[in-house]
Amino acid sequence: MIDGKTKLVALIGNPVSHSLSPLIHNSAFNSLNINAVYLAFKVGREKLSTAVEFLKDVDAIGANVTVPYKEEVVKYVDLLTDEAKEIGAINTVLFTDRVEGHNTDGKGAIKALEEAGVKADSSFFIFGAGGAARAIATTLAMEGAEIFLSNRTEKRGKELVKKLCKYGKAKFVPLNSEYLYRYLPEVETIINATTVGMDGKCLVPENAISEKHVVMDIVYSPLKTELIKRAEKVGAKTITGDRMLLHQAALSFEIWFKRKAPVEIMETALKGVVH
Ligand code: NAP
């Protein structure tokens with residue numbers, strides 16, 4: 001029940017109305033009788049710093065930050081984790097006497113991979129160089145992964161690969177079938193971290209996936225993207241986008257409340273809405 005002691009956890013972004021985070025987190029708060037409420041706020045760019053200040057001033061516990069502010073909001077925090085610094089973006093804020101910036105996207109993806117038996121220090125082919133791809137690739141590279149990365153805008157992809165090389169082996173691969181057929185068989189796991197898949201399309205040629213691959217798509221709407229369907233068809237192990245969504249949320253919860261997240265409750269809430 002909401003009363004005078006109820007604490008706030010917020011989502012700031014634009015748009016936010018489609019977000020599944022309020023559902024996931026409020027189900028967690030309810031199950032543990034935490035007197036808090038998670039609300040989504042659509043914030044205009046010019047009001048981003050005001051929104052962060054306001055949340056701090058009203059003693060909010062924390063916040064999630066989503067598209068398009070994950071990078072810009074970095075300016076308004078006092079402290080960044082090493083990972084967030086490397087990624088250059090945050091999705092989680094904790095208000096203490098300071099404003100802390102964390103990024104749980106990369107670690108959430110690693111948890112989703114690990115529960116499917118994939119080790120972080122193995123080999124990956126990542127599609128994308130946007131916010132999510134940067135978080136996943138950087139976190140994996142920091143854990144010792146070997147990474148092949150492809151992106152439609154080559155400049156963006158190459159810049160990311162240059163940063164990844166600081167940690168280990170990383171190579172940019174042009175996004176065309178000739179190169180994909182050559183390099184995809186060299187990796188254990190393929191990750192789509194682009195928006196392609198939301199539109200029924202797929203960047204991975206059909207017969208470039210084998211049953212030896214693990215295939216992860218971080219797109220969760222729809223859950224069965226064309227990539228996941230192609231992977232299932234050849235008998236590859238698949239990881240759908242709801243797994244990363246669940247684990248990044250659980251990690252944010254743990255940052256805010258310093259206790260284990262009720263992952264099963266969060267998972268049940270999510271299962272009711274993603275298909
Ligand atoms: P973003 O920053 O806008 O990046 C979009 C990426 O997709 C870029 O690499 C972009 O390439 C690529 N792309 C877009 N259209 C393309 C096309 N037609 N052909 C080839 N590449 C294309 O987005 P984001 O925040 O990284 O999110 C990416 C996806 O991940 C979204 O669907 C989002 O919902 C999902 N996501 C899921 C989770 C989860 O927990 N499961 C978490 C975060 C995000 P260019 O650089 O060439 O533009």
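So how strong a dipole does the chain carry about its Cα centre when Lys and Arg Cβ are +1 and Asp and Glu Cβ are -1, to the nearest 20 debye?
Details: 36 positive and 34 negative charges, 73 e Å.
That gives a dipole near 340 debye.
Considering only Gly128, Gly157, Gly117, the Gaussian network model of the chain with Cα springs below 10 Å gives its largest mean-square fluctuation to Gly117. For region 55-115, the solvent-accessible area of protein heavy atoms averages 41 Å² per residue (probe radius 1.4 Å; ligands and nucleic acids excluded). Rank Ala231, Ala170, Ala116 by mean-square fluctuation in a GNM of the chain with C-alpha springs under 10 angstrom and give only the top-ranked residue. Its mean-square fluctuation being the largest, the pick is Ala116. A simple spin-label model places the labels of Val67 and Ser19 1.4 nm from each other, with each point 7 Å out along Cα-to-Cβ.
Find the relative contact order for region 1-91 and round it to a whole percent, using C-alpha pairs within less than 8 Å whose residues are 6+ positions apart. Walk me through the numbers on the way to the answer.
Details: 115 pairs, mean separation 31.5, N = 91.
Taking the mean separation of contacting Cα pairs over the length of region 1-91, I get 35 percent.
Surface composition of the chain: carbon and sulfur make up 52 percent of the accessible area, probe 1.4 Å.
A Cβ-based charge dipole, computed about the Cα centre of region 19-169 with Lys and Arg at +1 and Asp and Glu at -1, lands at about 620 debye. Here the 3J(HN,Hα) profile of region 44-57, calculated from phi with Karplus coefficients 6.51, -1.76 and 1.60 at θ = phi - 60°, is x, 3, 6, 10, 4, 5, 4, 5, 5, 4, 4, 4, 5, 5 Hz, Gly and Pro shown as x.
In sequence order, region 230-240 has phi-based couplings of 5, 5, 4, 4, 8, x, 7, 6, 10, 10, 8 Hz under the Karplus curve 6.51 cos²θ - 1.76 cosθ + 1.60, θ = phi - 60°, and Gly or Pro positions carry x.
Which net charge results when you count Lys and Arg as +1 and Asp and Glu as -1 among the other residues whose beta-carbon is under 13 Å from that of Lys166? Let's see the in-between values first.
Values: positive: Lys85, Lys162, Lys163, Lys169; negative: Asp82, Glu86, Glu159.
Once all neighbours under 13 Å are counted, the net charge is +1.
So if each residue of separation counts as 0.36 nm, and I subtract the Cα-Cα distance between Asn207 and Glu159, what length gain in nm does that give? Present the calculation step by step, with values, prior to reporting the outcome.
Numbers: separation 48, 0.36 × 48 = 17.28 nm, distance 2.91 nm.
That pair, Asn207 and Glu159, stretches by 14.4 nm at full extension.
Checking the table Lys42/Lys75; Lys47/Lys260; Lys111/Lys260; Lys70/Lys158 against a 24 Å threshold on Cα-Cα, which pairs fail? The answer is Lys47/Lys260. Phi-derived couplings, Karplus 6.51 cos²θ - 1.76 cosθ + 1.60 at θ = phi - 60°, listed residue by residue for region 11-27: 10, 10, x, 6, x, 10, 5, 8, 5, 9, 4, x, 5, 4, 6, 5, 5 Hz, with x used for Gly and Pro.
The values are calculated or read from the model by the stated rules, or taken from the named source; none is laboratory data. Quantities reported herein were computed from a predicted structural model and do not represent experimental measurements. Methodologically, a virtual Cβ is constructed for each residue, glycine included, from the backbone with ideal geometry; neighbour enumeration extends over all protein chains shown. For the accessible areas, the whole protein counts, side chains as well, though only heavy atoms, and no ligand, DNA or RNA atoms are used. Shrake-Rupley method; radii C 1.70, N 1.55, O 1.52, S 1.80 Å.
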